[in-house]
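Report on the following structure.
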Amino acid sequence: MGGILIPRAFWAALCQIRDPRFRAVLAKGLLLTVLFLSVLHVAVLHFLLWILPDVIALPWTGEISVPRHFVSLGSFLVMAVLSTFLMVPVAATFTGIFLDDVADAVEARHYPMLSPAPRIGSMDGLRESISFLGIVLVANLAALALYFTPLSPFVFFGLNGFLLGREYFRVIAVRRMGRRAAGRLFRQHLPAIWIAGALMAMLLTVPLFNLLIPVLGAATFTHIYHELAF
């Protein structure tokens with residue numbers, strides 16, 4: 001079932017990308033993502049300037065100064081690598097903050113027969129996002145040693161796919177059926193949800209396109225929930 005369900009759900013989400021409500025959430029998400037990565041880049045730059053000496057002693061040539069633009073280039077390259085992995089926790093922050101808006105837009109267009117779902121609320125959504133962000137960071141730190149082995153891709157996509165799939169599906173399902181029933185539905189369809197989460201984690205590593213994935217992921221899991229629940 002998952003082999004057909006997941007591409008169909010993602011395609012339906014992609015076809016709705018022009019929805020004004022999608023564009024509004026996407027604009028907010030892009031702004032927050034750029035702001036977050038910019039602040040982090042400045043932090044990395046200042047850290048490199050702090051740990052690197054002003055001059056380096058080399059054999060035969062003696063001491064040479066370290067140009068600041070080399071350090072800036074180095075910090076940019078470090079951020080280019082880090083951003084691939086940082087998009088998973090960035091996507092995690094969307095779970096509670098913007099998910100209501102995306103799910104409401106999907107349900108209004110594709111499931112108009114349903115009554116409006118109770119909204120999570122901005123403060124509850126913020127707490128949900130912070131909590132999930134902490135789980136993602138702790139889980140990836142715990143698996144850090146495995147990221148330097150040949151198993152790295154399987155561990156990264158498997159771990160983050162499970163976390164993203166579980167959280168997105170759970171939050172969307174809770175809106176409609178409560179925590180206990182949402183948990184049962186998640187366990188019943190764990191393989192399909194895990195695969196969808198792993199695919200989402202993979203797409204989050206694709207530069208530029210990954211900026212769309214938090215919104216498309218929330219929409220995709222909204223479709224997946226309605227297909228599995230009814």
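Select from the range 117-152 the residues that are part of a loop (DSSP other than H, G, I, E, B) and at pLDDT below 85 and list them in ascending order.
Keep residues of the range 117-152 that are part of a loop (DSSP other than H, G, I, E, B), which gives 117-121, 143, 149-151.
Within the range 117-152, A117, P118, R119, I120, G121 qualify.
Screening the range 3-32 for residues that are open to solvent by less than 20 Å² (accessible area, probe 1.4 Å) and in a helix (DSSP H, G or I) and picking the one that is modelled with the lowest pLDDT gives G29. Taking first residues from the range 9-35 that are over 24 Å from I193 (Cα atoms) and partners that are open to solvent by less than 60 Å² (accessible area, probe 1.4 Å) and part of a loop (DSSP other than H, G, I, E, B), the Cβ contacts under 7 Å between residues at least 6 apart in sequence or on separate chains come to K28/F98. Reported count of residues in the range 99-116, each being assigned to a loop (DSSP other than H, G, I, E, B) and surrounded by 18 or more Cβ atoms within 10 Å (Cβ to Cβ), is 0. Taking the criterion of being closer than 10 Å to F157 by Cβ and not hydroxyl-bearing (S, T, Y), the residues of the range 176-210 that qualify are G197, A198, L199, M200, A201, M202, L204.
Scanning the range 45-63 for residues that are open to solvent by less than 80 Å² (accessible area, probe 1.4 Å) and at pLDDT 70 or above yields one hit, L45.
Scanning the range 139-189 for residues that are open to solvent by 60 Å² or more (accessible area, probe 1.4 Å), of a type in the set (F, W, Y) and touching a residue at least 40 places away in the same chain (Cβ under 8 Å) yields a total of 0. Among the residues of the range 194-210, how many are crowded, with 18+ Cβ neighbours inside 10 Å, assigned to a helix (DSSP H, G or I) and in contact (Cβ under 8 Å) with a residue 40 or more places away in the chain? Residues flagged as crowded, with 18+ Cβ neighbours inside 10 Å, assigned to a helix (DSSP H, G or I) and in contact (Cβ under 8 Å) with a residue 40 or more places away in the chain within the range 194-210 amount to 6.
The values are calculated or read from the model by the stated rules, or taken from the named source; none is laboratory data. What you see is a predicted model, and the numbers here were worked out from it, not measured in a lab. No Cβ is skipped: glycine too gets one built from the backbone with ideal geometry, and neighbour counts run over all protein chains shown. Keep in mind that these areas ignore ligands, DNA and RNA; they rest on the heavy atoms of the full protein, side chains included. Shrake-Rupley method; radii C 1.70, N 1.55, O 1.52, S 1.80 Å.
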